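In what follows, a structure is listed as structure tokens, so that the remarks can point back to it.
The values are calculated or read from the model by the stated rules, or taken from the named source; none is laboratory data. Remember, it's a predicted structure, so these values are computed and weren't measured experimentally. All Cβ positions, glycine included, derive from the backbone under ideal geometry; neighbour counts span all protein chains shown.
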Amino acid sequence: MNKTFYTIIACLACILYYTFVHEGEQQEEIGSPVAECEQTISHPEEASDAENVKHFEIPVTTKRREEILLEQYGYTVSYNPNLCIPNWVAWELNAEKMVVRESRNSKFYPNPKLPEDKAVTTQEYTGSGWDRGHMCPAGDNKYHWRAMNECFYMTNICPQNHSLNSGDWKELEEACRKWAEVEPVYIACGPIMYQTPQYGYIGKKFKIRVPDAFFKVVLTGLQSGKPRAIGFIYKNEAGNNKRDKYVNSVDEVERITSMDFFSALPDDVEARAESACNLSDWP
């Protein structure tokens, strides 16, 4: 009897041991804190260097306005779906992007990132009397076919006076490319709207606001350790003037546009660069 009793006890002990170990293994596989931690641990050293890049060109809006932020191949655009034009467009330009690999495209496209009811088409400008004025110009995007195509998205376009588009504004674009051959430049530009619209709206399906003026701000000198910035304001009208007629400090452009430019700079560097507007520093 004693032998039978001890045999039963031994069998029960084996069963209990097996059950305990087996269930423990299942719990660790299914929901153990160790297993869960191994799945969610991040390794900062493996993070992309792109996350640490400072996009000096991206402005900060200090006044509320409608926007859809769109990252394109060659630029970033804050698009205003109510006005059907950008709030601003910003990009970096450097010597590498001066390499001409693509010829100018002449076909404008609705931006495929937008739903159809928000995507302005080129036909909206037909017969309006206004040019389809690039904010980020085609001349800055000849380095890649995708950059060239995407700069013709209508989200990069504003109604612009023909004489301005093909004259003084174009000359400023060419100057920016000249500066970029020496050292990288960071550019932001866009429309200025007065409280009382001077030119109203165009469009058939869409109500597209015609800007009253345009701004452009430029930063360079970071590579050489001699940062400098300058701003320009052009009324949306015909003219054939020297560049000094349009020059402003970046501080003044910020006041007019309710935007904060080049905010990624250290505060003291930003303050010095943005208060100056000496055109002789920009040969």
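Which of the residues belonging to segment 197-251 are over 30 Å from GLU116 (Cα atoms) and among the hydroxyl-bearing types (Ser, Thr, Tyr)?
THR220, SER224, TYR234, TYR246, SER249
Applying the condition of being within 19 Å of ALA147 (Cα to Cα), among the charged types (D, E, K, R) and at pLDDT 95 or above to segment 103-137 and asking which residue is surrounded by the fewest Cβ atoms within 10 Å (Cβ to Cβ) yields LYS107. For segment 146-191, name all the residues that are within 24 Å of GLU252 (Cα to Cα) and among the hydroxyl-bearing types (Ser, Thr, Tyr). Across segment 146-191, the qualifying residue is only TYR186. Considering only residues in segment 108-140 that are in a loop (DSSP other than H, G, I, E, B) and of a type in the set (Gly, Ala, Ser), the one that is nearest to the chain's Cα centre (by Cα) turns out to be ALA119. Going by the conditions given, is VAL99 among the β-branched types (Val, Ile, Thr), in the same structural domain as TYR143 (by TED's automatic domain parsing), within 26 Å of TRP145 (Cβ to Cβ) and in contact (Cβ under 8 Å) with a residue 12 or more places away in the chain? Criteria met by VAL99.
Applying the condition of being touching a residue at least 60 places away in the same chain (Cβ under 8 Å) and assigned to a strand (DSSP E or B) to segment 194-213 and asking which residue is surrounded by the most Cβ atoms within 10 Å (Cβ to Cβ) yields ILE208.
Taking the conditions (1) surrounded by fewer than 14 Cβ atoms within 10 Å (Cβ to Cβ); (2) touching a residue at least 60 places away in the same chain (Cβ under 8 Å) in turn, GLY190 satisfies each one other than (1). For segment 232-283, the set of residues classified as in a strand (DSSP E or B) and touching a Lys or Arg at 6+ places or on another chain (Cβ under 7 Å) consists of PHE232 only. What pairs come out if I take residues in segment 121-141 that are closer than 30 Å to ALA95 by Cβ and pair them with residues that are among the small types (Gly, Ala, Ser) and in a helix (DSSP H, G or I) whose C-beta lies under 7 Å away, six or more apart or interchain? Filtered contacts from segment 121-141: ASN141/ALA147.
Among the candidates TYR73, TYR143, the residue that is modelled with pLDDT of 95 or more, closer than 30 Å to GLU254 by Cα, among the hydroxyl-bearing types (Ser, Thr, Tyr) and part of a loop (DSSP other than H, G, I, E, B) is uniquely TYR73. Note on segment 232-266: residues that are of a type in the set (Val, Ile, Thr) and surrounded by fewer than 18 Cβ atoms within 10 Å (Cβ to Cβ) amount to 2.
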